[in-house]
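The values are calculated or read from the model by the stated rules, or taken from the named source; none is laboratory data. This structure is a prediction, so every number in the text was calculated from the model and none was measured. With ideal geometry, Cβ positions are generated from the backbone for all residues, glycine too; neighbour counts draw on all protein chains shown. In case anyone asks, the SASA skips ligands and DNA or RNA and just uses the protein heavy atoms, side chains included. Shrake-Rupley method; radii C 1.70, N 1.55, O 1.52, S 1.80 Å.
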Amino acid sequence: MDETLRAMLLQHDCATGCEIPRNDWRVFPYADLQNSVLRIQRVLNEERGLPFERDGNVQDASLHDELSITEMARDPASGERQRYVQVTRICVSFSNFGRLCTIHGNTLGDYPLETIEQVIQNELWTLVPSEALDSPYDGLNEALRKHGITWFTRFFSYL
């Protein structure tokens, strides 16, 4: 991982909080983050014509919320859609830490990434390249370091 990116991630890391900074729900800006994600979804859907769906039901995670475009998987032999098997084409994951977000998925090249990134940045989120987050987590939180997670899990996943 690039040292500049690692330094930025460490600025938003927390030695005591796993799901939210300092484990202090009394001061955590949940409603502000939620409203920001809803505004991003509205702009992407209504103004940019991108059918992002919101998860909105994240718990036990460093992840705050996700916007994604999914499709039903296809059987490799027949090409028929498989029921109950979804493939994430593109996903924007928003962290509970430092207004960080990342874009990942199976078909990123099919979408106007610059447009999506601009909408996200207009809401004051900091984009982190997803490929850099595959590095082993070596941050401030000893409990998480012991579990051998990645930086992606630290900021953008279920714990």
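Any residue that is closer than 30 Å to residue 142 by Cβ and within 17 Å of the chain's Cα centre (by Cα) - is there at least one of those in the range 68-85? Taking every residue of the range 68-85 in turn, none turns out to be closer than 30 Å to residue 142 by Cβ and within 17 Å of the chain's Cα centre (by Cα).
For the range 19-26, does any single residue satisfy the condition of being touching a helix residue (DSSP H, G or I) at 6+ places or on another chain (Cβ under 6 Å) and either assigned to a helix (DSSP H, G or I) or touching a residue at least 24 places away in the same chain (Cβ under 8 Å) (or both)? For the range 19-26, residues touching a helix residue (DSSP H, G or I) at 6+ places or on another chain (Cβ under 6 Å) and either assigned to a helix (DSSP H, G or I) or touching a residue at least 24 places away in the same chain (Cβ under 8 Å) (or both): absent. Looking at 35, 57, just one residue is part of a loop (DSSP other than H, G, I, E, B) and either open to solvent by 80 Å² or more (accessible area, probe 1.4 Å) or modelled with pLDDT of 90 or more (or both), and that residue is 57. Considering only the range 108-120, I want to know if a residue exists there that is closer than 19 Å to residue 54 by Cβ, aliphatic (A, V, I, L, M), within 14 Å of the chain's Cα centre (by Cα) and at pLDDT 95 or above. Within the range 108-120 (the criterion being closer than 19 Å to residue 54 by Cβ, aliphatic (A, V, I, L, M), within 14 Å of the chain's Cα centre (by Cα) and at pLDDT 95 or above), the answer is yes, since at least one residue qualifies.
Listed here are the residues, each with its yes/no results for (1) within 21 Å of residue 45 (Cα to Cα); (2) open to solvent by 40 Å² or more (accessible area, probe 1.4 Å); (3) touching a Lys or Arg at 6+ places or on another chain (Cβ under 8 Å).
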{"position": "87", "(1), (2), (3)": "yes, yes, no"}
{"position": "92", "(1), (2), (3)": "yes, no, no"}
{"position": "96", "(1), (2), (3)": "no, no, no"}
{"position": "103", "(1), (2), (3)": "yes, no, no"}
{"position": "117", "(1), (2), (3)": "yes, yes, no"}
{"position": "124", "(1), (2), (3)": "yes, yes, yes"}
{"position": "130", "(1), (2), (3)": "no, no, no"}
{"position": "139", "(1), (2), (3)": "no, no, yes"}
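The set of residues in the range 30-59 that are more than 18 Å from residue 121 (Cα to Cα) and among the acidic types (Asp, Glu) comprises 53, 55.
With the condition kept exactly as written, say whether any residue in the range 5-16 is part of a helix (DSSP H, G or I), under 19 Å from the mean Cα position of the chain (by Cα), within 20 Å of residue 159 (Cβ to Cβ) and of a type in the set (A, V, I, L, M, F, W, C). Yes - at least one qualifying residue is present in the range 5-16. Considering the conditions (1) on the phi < 0 side of the Ramachandran plot; (2) out of contact with any Asp or Glu (no Cβ under 6 Å at 6 or more places or on another chain), residue 99 is excluded by exactly one of them, (1).
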